[in-house]
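Following: one structure in structure tokens, then a few remarks.
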Amino acid sequence: MVEAGAETAEQGTRQGAQQTTRALPPTAGQTSAEHPWPVRLLTMKISDYVAKMPQVWVEGQVVQATRRPGTTTAYLTLRDTDVDMSLPVSAHVRLLDALPGGLAEGARVVVRASPEFWTKRGVLQLQATDIRPVGIGELLARIEHLKRVLASEGLLDEHRKKPLPFLPRCVGLVCGRASAAERDVVRTASDRWPGVRFEVRQVAVQGASAVSEVSAAVAELDDDAGVDVIVVARGGGSLEDLLPFSNEALCRAVAACRTPVVSAIGHEVDNVLLDLVADVRASTPTDAGRRVVPAVAEEVAGLESARGRLRRGVLRLLEAEEAGLRALRSRPVLADPRALLAEPTRTVAEARERGRRALEGRLREQAGVLTGLAASVRALSPAAVLERGYAVLQTDEGQVVRSPEDAPTGEWLRARLARGSIVVEVVDNEDEDDEQFGDDGDG
């Protein structure tokens, strides 16, 4: 009766609108401030347009299901699994009763529905004619397909994964509100390194808003320069409970992080796509606490061990050097350092003596040669001839007189003797025989 009354009211509204549209612009483009459309006309046109749309299959997550006792219509809110968008859906209760186990909030379903526009409230909703739950096998197949897509883009490659810092200044933690996963990570890490600091973001880790909240928290921590590593932690659960961590949007958000990300979802047997995309996969939240920080006791023990090895190495080196010094000091050459110079000194002295003797012999030889050359020079010297009584006659111009023609009678000549010179006058330059002067045998 209520639906029939609403339909009658809608028909009346449509008739009224038809009666008043004769003087109104026929199309939306022809409206103006002076000639607007009334709301009823616009809503009717939207309703007519939506009514022409065919039925559609749509997938989503049921976030609200209302079923009032005594009514045959149930009202659902179907939300997108990746983003915060939803649509109201109305369905006959027999569709819900036909589902095995009924329809619970949070379930993923595929709905066949016709779009409807309620003109009185201006609301678009879907009228469902078939509702089917998404089975486990289909979910696993979709996850496997998404895994292949991400792998083809290189998001699962090991070479792109970043190493964890040895000792992070601050650990970003994305977890559920007041969850055991948060306590496990914080307690384990604090026990291993008491000085570790956490930046915690508590979000929904299950349900319709999990993907958007976790993605936003990861992006916020990645933008924080003080956070050196991010841990996304959640306890175990069913496949449906862990579906947000196999979501494509969340996987891409983690892959885009500059900060290393540790995935600690569920238990060892649980496998989600976030484990493959993250830089490090921890089997449990407790394991994540062990991975992100070193253990103080282990590091102290390691330092002591390293110091011991270093001390022993230095002692061995010193002992080896001392042994080498003792061996060097025991050698004869170091016992008497002058012995090292004795042989070179003797060699140098012998070489000097040989050099001295060779030089003296050479000097004596050259002195004899020089004496002979001096005798030859003296024998050939004009002075030696003069010493035998000869004289050299020269004119006033210094020319040597070699024949009577060079000294006419009456000319004064200079006679150069062995010691000094005299001036003589030519009284007769006739050519006479040399024998009248007498030959002394010297020439």
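The values are calculated or read from the model by the stated rules, or taken from the named source; none is laboratory data. Since the structure is predicted, the reported quantities are computational estimates derived from the model, not experimental observations. Cβ placement follows ideal geometry from the backbone for every residue including glycine, while neighbour counts extend to all protein chains displayed. We work out accessible area using only protein heavy atoms, side chains counted, and drop any ligands, DNA or RNA first. Shrake-Rupley method; radii C 1.70, N 1.55, O 1.52, S 1.80 Å.
Free of Cβ contacts under 8 Å to residues at least 24 places away in the same chain and among the polar types (S, T, N, Q): is that true of residue 43 in this structure? Write out each step before concluding.
On the way: free of Cβ contacts under 8 Å to residues at least 24 places away in the same chain: no; among the polar types (S, T, N, Q): yes.
Against the criterion (free of Cβ contacts under 8 Å to residues at least 24 places away in the same chain and among the polar types (S, T, N, Q)), residue 43 does not qualify.
From 249, 217, grab the single residue that is in contact (Cβ under 8 Å) with a residue 60 or more places away in the chain and closer than 16 Å to residue 261 by Cα.
Details: 217 fails: in contact (Cβ under 8 Å) with a residue 60 or more places away in the chain.
Residue meeting the stated conditions: 249.
Among the listed residues 270, 275, identify the single one that is touching a strand residue (DSSP E or B) at 6+ places or on another chain (Cβ under 8 Å) and of a type in the set (Asp, Glu).
Numbers: 270 fails: touching a strand residue (DSSP E or B) at 6+ places or on another chain (Cβ under 8 Å).
Among 270, 275, only 275 is touching a strand residue (DSSP E or B) at 6+ places or on another chain (Cβ under 8 Å) and of a type in the set (Asp, Glu).
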Quiz item: Scanning for something touching a Pro at 6+ places or on another chain (Cβ under 9 Å) and surrounded by fewer than 18 Cβ atoms within 10 Å (Cβ to Cβ), does the range 167-178 turn up at least one residue?
Solution: yes
Quiz item: Given (1) β-branched (Val, Ile, Thr); (2) part of a loop (DSSP other than H, G, I, E, B); (3) at pLDDT below 90, where does residue 227 come up short, assuming only one miss?
Solution: (3)
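If you scan the range 105-119, which residues turn out to be over 20 Å from residue 72 (Cβ atoms), part of a strand (DSSP E or B) and aliphatic (A, V, I, L, M)? Before you say what the answer is, go through the steps one by one.
Taking the range 105-119 and keeping what is over 20 Å from residue 72 (Cβ atoms), we get 105-108, 110, 115, 117, 119.
Among the residues that remain, those that are also part of a strand (DSSP E or B) are: 108, 110, 115, 117.
Listed by number, the list holds a single entry, 110.
Among the residues of the range 342-370, which ones are closer than 30 Å to residue 419 by Cα and either open to solvent by less than 90 Å² (accessible area, probe 1.4 Å) or in contact with a helix residue (DSSP H, G or I) (Cβ under 8 Å, 6 or more places away or on another chain) (or both)?
Restricting attention to the range 342-370, the residues satisfying the condition of being closer than 30 Å to residue 419 by Cα are 367-370.
Scanning the range 342-370 gives 367, 368, 369.
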